[in-house]
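The values are calculated or read from the model by the stated rules, or taken from the named source; none is laboratory data. All values reported here derive from a predicted model rather than from experimental measurement. We place every Cβ from the backbone using ideal geometry, glycine too, and count neighbours over all the protein chains shown.
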Amino acid sequence: MSDAAPQAGGQEAEAGAGPGEAHDEYAPAAPAPLGVPRTPTGDDGVDAGLRRLADADHLATDGHVEVYEDVHRGLRDALTALDARPGPPAPPSPYEHRS
């Protein structure tokens, strides 16, 4: 026995179908690129992360987390590497005593 209300002509209405419509099953739209431009930064590590973001364009929403975490890890590593590199020597202070 079906819980669907009978329609005129003895046919049963499908759940969620409007008048004159019959849906076999829900089919979400396919993944599509957002079209967000990715401008190169000049830093190879950061640019690789930006290119990796394009992988999310072709995944369903539940697949985005893995890509975002991977990019976040790469960006964090790039920032950490900046802290580890020695910078240029500081200019001499005019207040230093010279012998």
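Listing for the model above:
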{"quantity": "Search result, residues across the stretch 35-58 that are surrounded by 10 or more Cβ atoms within 10 Å (Cβ to Cβ) and of a type in the set (A, V, I, L, M, F, W, C)", "calculated": "Val46, Ala48, Leu50, Leu53, Ala54, Ala56"}
{"quantity": "Selection status of Pro86, at negative phi, at pLDDT below 85 and either touching a Phe, Trp or Tyr at 6+ places or on another chain (Cβ under 7 Å) or surrounded by 13 or more Cβ atoms within 10 Å (Cβ to Cβ) (or both)", "calculated": "no"}
{"quantity": "Cβ pairs under 6 Å, 6+ apart, first in the stretch 29-43 and assigned to a loop (DSSP other than H, G, I, E, B), second of a type in the set (D, E, K, R) and surrounded by 10 or more Cβ atoms within 10 Å (Cβ to Cβ)", "calculated": "Pro33/Asp57; Pro40/Asp47; Thr41/Asp47"}
{"quantity": "Residue in the stretch 29-45 that is modelled with pLDDT under 75 and out of contact with any Cys (no Cβ under 7 Å at 6 or more places or on another chain) present", "calculated": "no"}
{"quantity": "Test: residue in the stretch 61-68 that is within 30 Å of Thr80 (Cβ to Cβ), of a type in the set (A, V, I, L, M), modelled with pLDDT of 55 or more and assigned to a helix (DSSP H, G or I)", "calculated": "yes"}
{"quantity": "Meets criteria (at pLDDT 85 or above and assigned to a helix (DSSP H, G or I)) for Leu53", "calculated": "yes"}
